[in-house]
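What follows is one structure encoded as structure tokens, with my remarks underneath.
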Amino acid sequence: MDLGIAGRRAAVAAASKGLGYAVAAALVAEGVRVAVCGRHADTIEKAAATLGGETVPIVADLSSVDGATTFIKDARDALGGVDILVPNAGGPPPGNFSSVTVDQYLEAFELNCRSTIAMCYEAVPAMREQRWGRVVAITSIAVRQPIPTLILSNTARAGVTGFLKTLAREIAADGVTVNSLLPGLHATERVAQLHSGGGDPAAGIPAGVIGDPADFGQFAAFLCSEQARYVTGTATTVDGGAYAALL
């Protein structure tokens, strides 16, 4: 299916690997011009070269508002504008109530909440002016079903989900959609690190396997499409059926 987004311009955050890279790859395959960012020049330049197309590598640290804002400014300068925004960032360290400090919550909010908010503030006004835009944020299944060992991520990502839902309703009439994807376990380095202690990470997943990042990227690309113009304000699990609640 032609998604109708060839020639559009996308900024995909934290895309040197993992799910961010997979989303960038899916958009490049649709003819989208993509700017990707990572903290290290060598890894993000390698990723951009592998992605091909007109992919632009940008070095940015998303752990601060300045870093997140600068990424969007640099992407806009490189591409001539940003029609599609994919906010994303690596997760904070694991821990529970007993092991993490109060100060660590602030760090988690900077990385997994304020960075997304900052990117939206920088990118969305121009989308509204042109009356077309897509925001597809990558958060976590922890928004719906908190993970006991990831209290920092659970808290910060729940906060940004509230922001995204509110923003979606405010700008829907301007032709700009805002959605978030809540990935469960996928074959990424972070999942491998979190499950390095042994055991089958696919245990308890009805689909019987952990997710393929490429499939996740294709679903994200669909939310950026013309066909998905009426889909906004959603927070959709992509988890092989692991989320057990009715709503």
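The values are calculated or read from the model by the stated rules, or taken from the named source; none is laboratory data. Predicted, not measured: the structure shown is a model, and the values here were computed from it. In this analysis, Cβ positions are derived from the backbone assuming ideal geometry, glycine residues included, and neighbour counts consider all displayed protein chains.
So for the stretch 188-202 (the condition being at pLDDT 90 or above, closer than 16 Å to Ile138 by Cβ and not aliphatic (A, V, I, L, M)), does at least one residue qualify? Give the derivation first.
Filtering the stretch 188-202 down to residues at pLDDT 90 or above leaves none.
The answer is no; no qualifying residue exists.
Restricting to the stretch 89-114, name every residue that is assigned to a loop (DSSP other than H, G, I, E, B) and touching a residue at least 40 places away in the same chain (Cβ under 8 Å).
Ala89, Gly90, Gly91, Pro92, Pro93, Pro94, Asn96, Phe97, Val100
Can you tell me how many residues within the stretch 52-69 are surrounded by 16 or more Cβ atoms within 10 Å (Cβ to Cβ) and either assigned to a strand (DSSP E or B) or within 17 Å of the chain's Cα centre (by Cα) (or both)?
Summing the residues that are surrounded by 16 or more Cβ atoms within 10 Å (Cβ to Cβ) and either assigned to a strand (DSSP E or B) or within 17 Å of the chain's Cα centre (by Cα) (or both) in the stretch 52-69 gives 12.
Does Ser140 fit the bill of being over 17 Å from Gly211 (Cβ atoms) and either surrounded by fewer than 22 Cβ atoms within 10 Å (Cβ to Cβ) or of a type outside the set (Lys, Arg) (or both)?
no
In the stretch 145-155, is there at least one residue being hydroxyl-bearing (Ser, Thr, Tyr), over 20 Å from Ala108 (Cα atoms) and more than 14 Å from the chain's Cα centre (by Cα)? Reasoning before the result, please.
Initially, the stretch 145-155 is screened for residues hydroxyl-bearing (Ser, Thr, Tyr), giving 149, 153, 155.
Within this subset, residues satisfying the condition of being over 20 Å from Ala108 (Cα atoms) are none.
No, that holds for no residue.
Report, by residue number, each residue of the stretch 66-82 that is farther than 28 Å from Gln193 by Cβ and either at pLDDT below 95 or in contact with a helix residue (DSSP H, G or I) (Cβ under 7 Å, 6 or more places away or on another chain) (or both).
If the condition is that a residue be farther than 28 Å from Gln193 by Cβ and either at pLDDT below 95 or in contact with a helix residue (DSSP H, G or I) (Cβ under 7 Å, 6 or more places away or on another chain) (or both), then Thr69, Ile72, Lys73, Gly81, Val82 are the ones that fit.
Just give me the residues in the stretch 146-187 being among the hydrophobic types (A, V, I, L, M, F, W, C) and either assigned to a strand (DSSP E or B) or at pLDDT below 95 (or both), in sequence order.
Across the stretch 146-187, the qualifying residues are Ile147, Leu150, Val176, Val178, Leu181, Leu182, Leu185, Ala187.
When only residues in the stretch 5-39 that are of a type outside the set (Gly, Ala, Ser) and assigned to a loop (DSSP other than H, G, I, E, B) count, which is surrounded by the fewest Cβ atoms within 10 Å (Cβ to Cβ)?
Here the residue is Arg39.
Please state which one of Asp77, Asp2 is outside any loop (DSSP other than H, G, I, E, B) and acidic (Asp, Glu).
Asp77
Among the candidates Ile84, Ile141, Ile151, Ile117, which residue alone is touching a residue at least 24 places away in the same chain (Cβ under 8 Å), of a type in the set (A, V, I, L, M) and touching an Asp or Glu at 6+ places or on another chain (Cβ under 7 Å)?
Selected residue: Ile141, the only one of Ile84, Ile141, Ile151, Ile117 that is touching a residue at least 24 places away in the same chain (Cβ under 8 Å), of a type in the set (A, V, I, L, M) and touching an Asp or Glu at 6+ places or on another chain (Cβ under 7 Å).
Among the residues in the stretch 193-206, are any assigned to a helix (DSSP H, G or I), in contact (Cβ under 8 Å) with a residue 40 or more places away in the chain, of a type in the set (A, V, I, L, M) and in contact with a Lys or Arg (Cβ under 7 Å, 6 or more places away or on another chain)?
Within the stretch 193-206, not a single residue is assigned to a helix (DSSP H, G or I), in contact (Cβ under 8 Å) with a residue 40 or more places away in the chain, of a type in the set (A, V, I, L, M) and in contact with a Lys or Arg (Cβ under 7 Å, 6 or more places away or on another chain).
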